[in-house]
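A.B. asks: Please see the structure below; I have some questions.
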Amino acid sequence: MDYRFLGASGLKITEITYGNWLTHGSQIENEVATACVQAALDAGITTFDTADVYANGAAEEVLGTALKSQRRESLEVFTKVYWPVGPKGPNDTGLSRKHIMEGINGSLRRLQMDYVDLYQAHRYDHQTPLEETIGAFADVVRSGKALYIGVSEWNAEQLRAGQVLAKAAGFSLVSNQPQYSALWRVIEAEVIPAAADLGMSQVVWSPMAQGVLSGKYLPGQDAPAGSRATDKKGGANTISRFLDDTVLERVQKLAPIAAEMGLKMSQLAIAWVLQNPNVASALVGASRPEQVAENVLASGVVLPPEVMSQIDAVLGDCIER
Ligand code: NDP
């Protein structure tokens with residue numbers, strides 16, 4: 001498993017990060033979650049991403065328990081703050097000083113850890129002064145409860161404004177966590193160039209378009225049993241935007257391209273996002289340990305320019321830009 005630097009920082013993270021959205025504490029049983037984490041560790045993944053809001057706090061608890069016996073110094077653990085966990089009182093949302101300070105304490109308690117490596121603003125908060133948010137993150141770093149600060153789904157202008165204030169407060173924003181896949185390329189126009197200038201990486205979510213780019217969803221057919229599209233606890237809803245027959249037909253045309261490269265379609269999808277040097281890591285989810293073992297083989301794969309062009313031609317106007 002290859003490592004990449006997170007932004008301009010000295011922190012090295014695995015280029016494939018295990019993420020537990022929709023799975024831990026929800027879609028899959030705790031024993032399966034623990035087996036997936038073990039499969040990730042066995043394959044050399046040391047970077048793990050969660051959020052306080054995933055399964056209403058349960059995802060952090062399951063991940064923390066699964067990692068408890070590991071040497072803390074050998075892990076990079078990421079979590080996030082923004083949405084409420086449990087009660088939805090007026091101060092349980094957003095990036096106020098109050099919610100950030102209470103958020104980090106809650107996350108550390110559920111993870112059973114003294115610190116997280118990366119604490120991320122899960123979204124931009126239009127109702128809190130950015131100075132207040134950045135000041136609170138600076139204090140979280142000074143307290144040692146988080147070692148680095150990142151954001152998620154901020155636009156280029158928000159990244160620039162945040163980085164100026166962070167530098168003035170004595171730290172740097174090191175990463176942004178956006179959606180990015182061969183089908184979803186919205187960050188390419190403005191976010192990636194701005195972040196590259198600012199010394200920030202992208203740590204990208206849903207690189208497989210929630211499983212769609214694995215090729216297992218076939219046009220005109222029912223979704224495979226046990227897949228996210230059949231998960232009534234939340235997954236079926238979030239994946240629905242990609243379950244369009246035109247998209248699924250185009251995705252099937254990636255099969256020969258993957259085969260020519262000696263790859264599974266899942267591996268081609270993950271390798272595709274890793275070709276971008278501004279991407280520090282692909283955040284990959286799994287509902288079974290076998291998926292983790294398959295997906296990690298995307299690390300280190302080089303896709304030649306002609307293969308990248310073929311993928312563009314096949315997906316064509318199904319690509320969101
Ligand atoms: P992916 O695109 O990697 O989708 C993962 C899902 O695809 C798995 O849960 C599994 O679902 C299926 N899958 C995985 N491997 C295979 C395989 N080899 N063959 C077939 N199917 C496979 O990413 P996610 O959407 O799960 O997101 C990854 C992570 O990104 C999250 O865990 C979270 O950490 C982060 N994230 C961040 C967000 C943000 O706002 N910052 C938003 C969303 C995610 P199944 O088997 O059930 O079909």
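The values are calculated or read from the model by the stated rules, or taken from the named source; none is laboratory data. Just so it is clear, the structure is predicted and the values come from calculations on it, not from any experiment. Because the Cβ atoms are built from the backbone with ideal geometry, glycine has one as well, and the counts that use them run over all protein chains shown. Ligands, DNA and RNA are stripped out before the accessible areas are found, and what is left, the full protein with its side chains, is counted by its heavy atoms. Shrake-Rupley method; radii C 1.70, N 1.55, O 1.52, S 1.80 Å.
A.B. asks: In bins 5 Å wide, starting from 0, what share of all Cα pairs of the range 1-141 does each bin hold, as a percent?
C.D. replies: Computed distribution, short to long bins: 2, 10, 20, 21, 19, 15, 8, 4, 1.
A.B. asks: Let me ask another. In a Debye calculation with equal point scatterers on the alpha-carbon sites of the chain and no solvent, what is log10 I(q)/I(0) at q = 0.11, 0.13, 0.14 Å⁻¹?
C.D. replies: -0.66, -0.94, -1.09
A.B. asks: Highest mean first, how do 222-229, 301-308, 209-216 rank when packing is the count of other Cβ atoms within 10 Å averaged over residues?
C.D. replies: 209-216, 222-229, 301-308
A.B. asks: Hey, in the GNM for the chain with a 10 angstrom Cα cutoff, which one of GLN310, GLN252, GLN275 fluctuates hardest?
C.D. replies: Judging by the Gaussian network model, the answer is GLN310.
A.B. asks: Further question: So which GluC sites (Glu not before Pro) in the range 1-42 pass both tests, a DSSP loop state and at most 15 other Cβ atoms within 10 Å of the Cβ?
C.D. replies: GLU29
A.B. asks: Report the local net charge at LYS12: Lys and Arg +1, Asp and Glu -1, summed over other residues whose C-beta lies under 11 Å from its C-beta. Please report the intermediate quantities before stating the final value.
C.D. replies: Numbers: positive: ARG4; negative: ASP2, GLU15, GLU76, ASP117.
The answer is -3.
A.B. asks: Right, another one. Applying a 10 Å radius around every beta-carbon, put 185-196, 132-143 in order of their mean neighbour count, most first.
C.D. replies: Put in order of decreasing packing, that is 132-143, 185-196.
A.B. asks: Would you work out what percent of the accessible area of the range 142-211, with all protein chains in place, is carbon or sulfur (probe 1.4 Å)?
C.D. replies: Values: 1330 of 2420 Å².
On the range 142-211, the fraction of accessible area on carbon and sulfur atoms equals 55 percent.
A.B. asks: If contacts are Cα pairs under 8 angstrom and at least 6 residues apart, what is the relative contact order of the chain in percent?
C.D. replies: It rounds to 20 percent for the chain.
A.B. asks: Compute the distance from the alpha-carbon center of the range 1-65 to that of the range 253-269, in whole Å.
C.D. replies: 25 Å
A.B. asks: Quick one: work out the % antiparallel among DSSP beta bridges in the range 165-321, nearest 5.
C.D. replies: 10 percent
A.B. asks: As a test of understanding, state the convex hull volume per residue of the range 276-321 from its alpha carbons, in Å³.
C.D. replies: 126 Å³
A.B. asks: A follow-up question, please. Against the 2.2 N^0.38 Å scaling, with N counting residues, where does the range 228-321 land? I'd like the Cα-based Rg ratio to two decimal places.
C.D. replies: For the range 228-321, the normalised Cα radius of gyration comes out at 1.14.
A.B. asks: Could you work out [θ]222 nm for the chain from helices alone, using -39500 (n - 2.57) per DSSP H run of at least four and dividing by all its residues? Round to the nearest 500 deg cm²/dmol. Could you put the intermediate results ahead of the total?
C.D. replies: Numbers: 12 runs with 120 residues, N = 321.
Value at 222 nm, helices only: -11000 deg cm²/dmol.
A.B. asks: Taking the Cα atoms of the range 80-126 alone, what are Rg (to one decimal) and Dmax (as a whole number) in Å?
C.D. replies: According to the Cα coordinates of the range 80-126, Rg and Dmax are 10.4, 31 Å.
A.B. asks: Enter the accessible area per residue of the range 168-321 (Å², integer; probe 1.4 Å; all protein chains in place).
C.D. replies: 42 Å²
A.B. asks: In addition: Can you send over the carbon and sulfur percentage of the accessible area for the range 266-321, probe radius 1.4 Å, protein chains only? Kindly include the intermediate steps, with their values, before the conclusion.
C.D. replies: Working: 1230 of 2270 Å².
It is 54 percent, rounded to a whole number.
A.B. asks: With +1 on each Lys and Arg Cβ and -1 on each Asp and Glu Cβ, how big is the dipole of the chain about its Cα centre, in debye rounded to the nearest 20? The partial results should precede the final answer.
C.D. replies: Numbers: 27 positive and 36 negative charges, 111 e Å.
In debye, rounded to 20, the chain gives about 540.
A.B. asks: So what is the orientation-averaged projected area of the range 88-212, using the convex hull of its C-alpha atoms, in nm²?
C.D. replies: For the range 88-212, the mean projected area of the Cα convex hull comes to 8.4 nm².
A.B. asks: Still on this structure, please answer the following. Treat the range 260-299 as a sphere of radius equal to its Kirkwood radius over Cα pairs and apply Stokes-Einstein at 4 °C in a medium of 1.567 mPa s; give the translational diffusion coefficient in µm²/s, rounded to a whole number.
C.D. replies: For these conditions, the coefficient is 122 µm²/s.
A.B. asks: For the range 128-187, what D do you get in µm² per second when you plug the Kirkwood radius from alpha-carbon pairs into Stokes-Einstein at 10 °C and 1.306 mPa s?
C.D. replies: Calculated translational D: 129 µm²/s.
A.B. asks: Taking Cα pairs under 8 Å and at least six residues apart, what relative contact order does the range 12-165 come out at, in percent?
C.D. replies: 20 percent
A.B. asks: Follow-up question, since we're still on this one. Taking every DSSP beta bridge that has both residues in the chain, what percent is antiparallel when rounded to the nearest 5?
C.D. replies: Antiparallel bridges: around 10 percent, rounded to the nearest 5.
A.B. asks: Now for a separate question. Sequence gap at least 6, Cα distance under 8 Å: using those rules, report the relative contact order of the range 94-214 to the nearest whole percent.
C.D. replies: This gives 22 percent for the range 94-214.
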